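Notes follow the structure.
The values are calculated or read from the model by the stated rules, or taken from the named source; none is laboratory data. As the structure is a prediction and not an experimental result, all values here were calculated from the model. Don't worry about glycine lacking a Cβ; one is built from the backbone with ideal geometry, like all the others, and counts go over all protein chains shown.
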Amino acid sequence: MTRNESLEALRLDGFHAVHTGHWKLKNNGHSVVLEVENGMSVSGGGLPGTYHTIQLHFHWGSLNTNGSEHTVDRHRYPMEMHIVNMKSSHPNLTSALDDPTGLAVLAFFIDLYYIENVHFGRISRLLPSIAYKGQTATVKPFPLIGLLPESHLSQYYRYHGSLTTPPCSQAVIWTMYEVPTYISWSQFEQFVTGIFSTEEDEEFVAHLHDNFRHIHPTFSRSVYASKDAKLLTATANHLYSPELSILLLQLTLTVGLIYGL
């Protein structure tokens, strides 16, 4: 782990705005995906250009002790949210996957609290409408910043990764935020018990959960801490041990999720 003083907070253009038109929430059998229209982009923070926001999706466990695709000091959160952004120089996703920096994914841990997250409620209240694979719902646009830990967006970790299913394109710049965002226990339970990976008319239905990849080695790739990341400083006060280091490991962004855009 190396601190990179040039890694400052990313610029999130349009994340505070209420956009016109409609967004689409859908169950693609792999995750709950929120497709957004044009109007939001990310840049700065060491990214090699401007990236247009195209969708966000979630990974969660069947229990509150697992679900996230990254771990910190071997701790796994109940959920993780990924905001997928495509480099503006590419006309489509196929083109972006041929670029080692074609996608920038902002990843956020989600922890549980007893008070409902009213911003997240704009998504969770529509979950019954997309309980089964293939179902969609219309979402009125809202400021996406409400889903994020806004006061801590300069604290993150950065590494280059890839898709983890064929074609396994080395095309992703990962930004993993240190401070989690929160939802309520009841909102979490809506994902665990109310979302299915099968279609409504199938004879046997299966719950959609545990849609996270198991931890994999970093394969000696470099992981960088941003200028304001806190956990790196805390662990540096201890005698170095791999068990104390931050485990930011290659995570899944499945082709199924990507091509479900």
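In table form, for the structure just shown:
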| quantity | calculated |
| --- | --- |
| Residue in region 86-101 that is assigned to a strand (DSSP E or B), buried (at least 23 other Cβ atoms within 10 Å of the Cβ), in contact with a strand residue (DSSP E or B) (Cβ under 8 Å, 6 or more places away or on another chain) and without any contact (Cβ under 8 Å) to a residue 60 or more places away in the chain present | yes |
| Qualifying positions in region 115-140 - assigned to a loop (DSSP other than H, G, I, E, B), in contact with a strand residue (DSSP E or B) (Cβ under 8 Å, 6 or more places away or on another chain) and surrounded by 14 or more Cβ atoms within 10 Å (Cβ to Cβ) | 116, 117, 120, 126, 131, 132, 133, 135 |
| Selection count where residues are of a type outside the set (Ser, Thr, Tyr) and in contact with a His (Cβ under 6 Å, 6 or more places away or on another chain), scope region 13-55 | 2 |
| Residue that is in a loop (DSSP other than H, G, I, E, B) and modelled with pLDDT of 95 or more, where the choices are 106, 34, 47, 112 | 47 |
| Verdict on residue 45 being touching a Lys or Arg at 6+ places or on another chain (Cβ under 8 Å) and surrounded by 22 or more Cβ atoms within 10 Å (Cβ to Cβ) | yes |
| Selection within region 136-157 - over 25 Å from residue 172 (Cα atoms) and charged (D, E, K, R) | 140 |
| Failed criterion for residue 67 (all others in (1) surrounded by fewer than 17 Cβ atoms within 10 Å (Cβ to Cβ); (2) part of a loop (DSSP other than H, G, I, E, B); (3) among the small types (Gly, Ala, Ser) hold) | (1) |
| Qualifying positions in region 180-206 - among the hydrophobic types (A, V, I, L, M, F, W, C) and touching a residue at least 40 places away in the same chain (Cβ under 8 Å) | 183, 185, 188, 191, 192, 195, 196, 205 |
| Selection status of residue 49, on the phi > 0 side of the Ramachandran plot and in contact with a strand residue (DSSP E or B) (Cβ under 8 Å, 6 or more places away or on another chain) | yes |
